[in-house]
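The numbers here are math on the coordinates, done by the rules we state, and not lab data. On a predicted model such as this, the values are computed, not experimentally measured, just so you know. Because the Cβ atoms are built from the backbone with ideal geometry, glycine has one as well, and the counts that use them run over all protein chains shown.
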Amino acid sequence: VTELRTDHLGSRFETNRYRGKRLLAGRDVNPDFLRSNSAARLKALTGGDRLSTESKGSNEFEDIEGNFHVIITSNSPLLLRIDEDSSAWRRRLVIVPFHESERPFKIIQKFEEQLLREEGPGILRWMLDGALLAFSDINTNGTIALTAKQEARVDARVRASDSVAFFADECLVPACGGEVLSQKLLDAYLCFCESLALTAVTPAEFYRKIRSIIELRCGERVQYTENLLSEGSRGRGYRGLVLKPRTSENSPPHG
């Protein structure tokens, strides 16, 4: 076991610390732990990629295989650095919520040592039973099977981590002859985030990300223009795109 430090994953020597380890642990991390510039390297560390490691004071390199297990604990929900790769995060995440219990009548010092001393064999048996269930899932499905509730929990976290992409999924549709101003998209996005209690990005970041998403997903069907006249207003916007009409399934208002 060794400490996982996502803000160092882009440095030259960090992965050398992982040689001979199996479990990377982030303990009581801050809410931005998985949003650092280097956090995406976790996908390689858990996806079977071969990674070169370098030691300080040495010109020798050694490859390691990214088959690490990762466990992270936090007092706040962690948001992710998605970078248009939500499916990779969905394949890797299992979220286990722990709710605060009532204060115990008596606080037992070094409780973990007492548990191992008195319940060690039972804990080992419990862990082995879990391992057998996991191997059964992997043999059947190729991965650990999640319940519908667990999948929904992961999906909600991924979507909350990229509110602009979530907004585009739920509220935008290419349409021949359609037109929409960038300002109207921003207004609709802010209403969308407010209605779902999502954290909105800054206007500058929204404009940058929504343009990238539209270009990637819609291609030449949607054209960006600096001079769009729509509904009596002129400004930057998109031709060939509209906001979906408000429905019961698509409840956030769009301006």
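Structure summary
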{"quantity": "Exposure proxy order (Cβ contacts within 10 Å, fewest to most) of D28, D162", "calculated": "D28, D162"}
{"quantity": "Given charges at beta-carbon only (K, R positive; D, E negative), |dipole| of the range 162-243 in Debye", "calculated": "240 debye"}
{"quantity": "Shape call, the range 1-94: gyration tensor on alpha carbons, a/c limit 1.5", "calculated": "prolate"}
{"quantity": "Fully extended contour minus Cα-Cα distance, from Q223 to D155, at 0.36 nm per residue", "calculated": "21.5 nm"}
{"quantity": "Over 25 Å (Cα to Cα) - which of K21/K106; K21/K56; K149/K184; K209/K244; K21/K149; K43/K244 fall in this group", "calculated": "K21/K106; K149/K184; K21/K149; K43/K244"}
{"quantity": "Sequence ranges 141-153, 62-74, ranked by mean other-Cβ count within 10 angstrom, highest first", "calculated": "62-74, 141-153"}
{"quantity": "Most positive-pole-ward Cα, W89, Q114, H8, against dipole of the chain from beta carbon charges", "calculated": "H8"}
{"quantity": "Residue-averaged 222 nm ellipticity for the chain, from DSSP H runs of 4+ at -39500 (n - 2.57), nearest 500", "calculated": "-12000 deg cm²/dmol"}
{"quantity": "Relative contact order (percent, whole number), the chain, Cα cutoff 8 Å, 6+ residue spacing", "calculated": "15 percent"}
{"quantity": "The chain - charge dipole about Cα centre, Lys and Arg +1 at Cβ, Asp and Glu -1, debye rounded to 20", "calculated": "160 debye"}
{"quantity": "Burial ordering of T15, T202, fewest other beta-carbon atoms within 10 Å first", "calculated": "T202, T15"}
{"quantity": "Rg ratio (alpha-carbon, reference 2.2 N^0.38 Å) - the range 162-243", "calculated": "1.02"}
{"quantity": "The chain: radius of gyration over Cα atoms, expressed as a fraction of 2.2 N^0.38 Å", "calculated": "1.30"}
{"quantity": "Cross-link partners of K110 among lysines (Cα-Cα below 23 Å; sequence separation of 8 or more within a chain)", "calculated": "none"}
